[in-house]
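Reading through the structure tokens given below for one structure.
Throughout, read-outs are computed from the coordinates displayed, never taken from laboratory work. Predicted model only: the values in this text are computed from it and were never measured. A quick note on method: Cβ atoms are made from the backbone with ideal geometry, for glycine too, and the neighbour counts reach across all protein chains shown.
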Amino acid sequence: MTLAMRLLSMAALALSALPQKLPLGEVPRGKVVLILQPHHDDHTTDYGMGGLIARMVDEGYEAYYVRASNDEKDGAHGYARNDIVNLRESVEGTRILGIRKVISLNWRNDYMNPIPLNELREQLIVLIRKYKPDVVLGHNPWEHYQKNPDHRQVARAMAEAWWMAGFANVHPEHAALGLQPHSAHYLYGKARLDWGLGHRPNVAIELNESQVRKKQKAYVAHLNVYANPATARAYRVALARENLAVPEWESLTDAEAAVLMEEWHMQWISRRRGAEAGVPYAEDYYVLGEFDHLPGLKEYLSKNVVAR
Ligand SMILES: [Zn+2]
């Protein structure tokens, strides 16, 4: 298949996978929204934030933006200068949305994995207790296929902080700072859902009978871990207690019966996945291609790519 044909078929696949229509949500009544994000520019993402923040400010909210990283790797100026330039641009960009203040926690950009989660979470709890938001806004920590370590780390700390900031037994020492437990009513999580919903395959690969047979045989070649004779024995004993038996096991040893069961299972799952896809046998996958990075890119390419 040529690249052009591949792109056309991929675009068709993307169109057939359009998400279902969502109900329109209300902006809740409230006074303060606290935006907890890793980076200077996380309000700019096309899939969420800037628009909602602008609308919340229009509807009377005070907005505060937390930038957990120092953004040292974003830009071409070198670490130290990137930090300063990005902070300045963040202040300017967020002011356009009506945000009152950018609070920098200055953790090292893209190196946030080793931060103790409790420590990052406590910083966010302090901020929630200080600013007393009605709404906390940030990345959805349960987003799938998120590759940015700072997005994952801050989102997780945010969700935990949102939940725990209202508990008096969590960091009671904050009382000495004049901070009281505070529960924000809402958590809004943005997520790149067009990367895929996770745990849902987007393609079935058809298998023929010979391939399924090879898959079965290769599986039970691992006798050290699969097809345990004791399992077959336990089933036989359990069935016998009910005066039941499997006729095709009768002439088999426990080891042979265990292999037969495993082979049957591999065949069953291949047949089931096949039936879901309208073919005799299949395996399901979640496939990401080289043109899946930007939503809309495939559609653009399918309309604009020409053969040379
Ligand atoms: Zn970011």
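Of note:
- Any hit, the range 247-267, residues being in contact with a strand residue (DSSP E or B) (Cβ under 9 Å, 6 or more places away or on another chain) and without any contact (Cβ under 8 Å) to a residue 60 or more places away in the chain: yes
- Residue pairs whose Cβ atoms lie under 6 Å apart, sitting 6 or more positions apart in sequence or on different chains, and linking a residue in the range 293-308 that is within 19 Å of Thr45 (Cβ to Cβ) to a partner that is among the aromatic types (Phe, Trp, Tyr), are Leu297/Phe291.
- Only a single criterion out of (1) out of contact with any Phe, Trp or Tyr (no Cβ under 6 Å at 6 or more places or on another chain); (2) within 29 Å of Tyr286 (Cβ to Cβ); (3) in a loop (DSSP other than H, G, I, E, B) is not satisfied by Ala157, namely (3).
- Boolean, Val126 is in a helix (DSSP H, G or I), within 26 Å of Asp292 (Cβ to Cβ) and of a type in the set (A, V, I, L, M, F, W, C): no
- Filtered residues of the range 272-308 (kept if basic (Lys, Arg), within 20 Å of Val203 (Cβ to Cβ) and surrounded by fewer than 16 Cβ atoms within 10 Å (Cβ to Cβ)): Arg272
- Matching residues, the range 144-187, being among the aromatic types (Phe, Trp, Tyr) and within 16 Å of the ligand (Cβ to nearest atom): Tyr145
- When Val85 is tested against (1) within 15 Å of the ligand (Cβ to nearest atom); (2) in contact with a Gly (Cβ under 8 Å, 6 or more places away or on another chain), just one condition goes unmet, and that condition is (1).
- Restricting attention to the range 33-50 and to residues that are within 20 Å of the chain's Cα centre (by Cα) and more than 10 Å from the ligand (Cβ to nearest atom), the residue that is surrounded by the most Cβ atoms within 10 Å (Cβ to Cβ) turns out to be Leu36.
Conditions (1) within 30 Å of Ala191 (Cβ to Cβ); (2) under 30 Å from the mean Cα position of the chain (by Cα), marked per residue:
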residue: Arg236; (1), (2): no, no
residue: Ala240; (1), (2): no, no
residue: Met266; (1), (2): no, yes
residue: Asp292; (1), (2): yes, yes
residue: Val305; (1), (2): yes, no
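- Restricting Gly98, Gly138 to those that are within 22 Å of His185 (Cα to Cα), within 14 Å of the ligand (Cβ to nearest atom) and not basic (Lys, Arg) reduces the list to Gly138.
- Every listed requirement among (1) surrounded by fewer than 16 Cβ atoms within 10 Å (Cβ to Cβ); (2) touching a residue at least 40 places away in the same chain (Cβ under 8 Å) is met by Leu87 save one, (1).
- Of all residues making up the range 51-65, the number that are surrounded by 17 or more Cβ atoms within 10 Å (Cβ to Cβ) and either within 13 Å of the ligand (Cβ to nearest atom) or more than 22 Å from the chain's Cα centre (by Cα) (or both): 7
- Taken over the range 160-184, residues that are outside any helix (DSSP H, G or I) and surrounded by fewer than 21 Cβ atoms within 10 Å (Cβ to Cβ) amount to 12.
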